[in-house]
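Undergrad: Below is the structure I would like to discuss, written out as structure tokens.
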Amino acid sequence: MARKVSKRESKENRRKRAQKILRRLRRHFPEAATALDHHDPWQLLVATILSAQCTDERVNQVTPALFRHYPRIQDFAESPNGELEQLIRSTGFFNNKAKNIRGAARRVLEVHQGQVPDEMEALLALPGVARKTANCVLGTAFGKNVGVVVDTHVGRLARRFGFTAEKNPVKVERDLMELFPQKSWTYLSHALILHGRATCKARKADCESCKFADLCPQIEV
């Protein structure tokens, strides 16, 4: 059975509990990494844009043919209307995603000499890029722990673990950054996603077999 943790738990106690959870995550998910297949920062950027409201599995089914068809950033920038859309159609919201990918490709070429920028401000200026995508690219492609990627899994687990009461991803990220050491931020997202997919699922958490039950508060989310 999971122990009860007071909703009035002090920040210091939350921080201590967070460190215990982090150590256990490292033990159970030592190789946690992004599930999005990629070979360079640009491919990761494209895959992350495609992953919005789409599963990583579906994105990984689409990107091999996509990157064969468009091997260079310039190919994306110059892609004819309708062609890119068709190639990414199965990821959903394909018209908007295609528009953003083309726009991002053109800005990378025109402003950054064909290199995906490795700074938060520059990434956020690319079409289709918000903090979640920027954090993913910075942490995974460049090894920069600037923030925490907060997707639906990370947000859900952050609330269930009692680390935040927020639902806005930016506010969830802020609360997690206050509790976990900066060097762990990229790893933390990947590990929480793995735990969320395997055990702490959205519809029904498998608390009986959860490896973190003794550290998790009984808070309904």
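Here, each number is a calculation from the coordinates, and none is a lab measurement. Since this is a predicted model, take the numbers as computed values, not measurements. Don't worry about glycine lacking a Cβ; one is built from the backbone with ideal geometry, like all the others, and counts go over all protein chains shown.
Undergrad: For the chain, I need the span (max minus min coordinate) of the C-alpha atoms along each principal axis, in Å, sorted largest to smallest.
TA: 57, 31, 28 Å, listed from the longest principal axis down.
Undergrad: What relative contact order, as a whole-number percentage, does segment 41-141 give when Cα pairs under 8 Å and 6 or more residues apart are counted?
TA: 31
Undergrad: Hey, another quick one. Can you order the peptides 88-95, 22-29 by their average number of other Cβ atoms within 10 Å per residue, highest first?
TA: Per-residue Cβ counts within 10 Å, averaged per peptide and sorted highest first, yield 88-95, 22-29.
Undergrad: Using just the helices of the chain, give the 222 nm mean residue ellipticity in deg cm²/dmol: DSSP H runs with n ≥ 4 each add -39,500 (n - 2.57), and the total is spread over all residues, rounded to 500.
TA: Helices in the chain give a 222 nm mean residue ellipticity of -15500 deg cm²/dmol.
Undergrad: Something else now. Under 1.5 on a/c is rounded, so check that first for segment 41-141, then, if it is not, pick prolate when a/b is larger than b/c and oblate when it is not; a ≥ b ≥ c are the square roots of the alpha carbon gyration tensor eigenvalues.
TA: Verdict is oblate for segment 41-141.
Undergrad: While we're looking at this one, here's another question. Given an 8 Å cut-off on Cα distances and at least 6 residues of separation, report the relative contact order of the chain as a percent.
TA: So the answer I get is 27 percent.
Undergrad: Quick one: order Cys216, Cys207, Cys136, Cys54 by neighbouring beta-carbon count within 10 Å, fewest to most.
TA: Cys207, Cys54, Cys216, Cys136
Undergrad: Please list the helices of the chain that count as membrane-span-like by this rule: a mean Kyte-Doolittle hydropathy of at least 0.0 together with Cα atoms stretching 24 Å or more along the helix axis, each helix being a complete DSSP H run.
TA: None clear 24 Å together with a mean of 0.0.
Undergrad: Related question: Could you work out the per residue convex hull volume over the alpha carbons of segment 1-93, in cubic angstrom?
TA: Residue-normalised Cα hull volume stands at 176 Å³.
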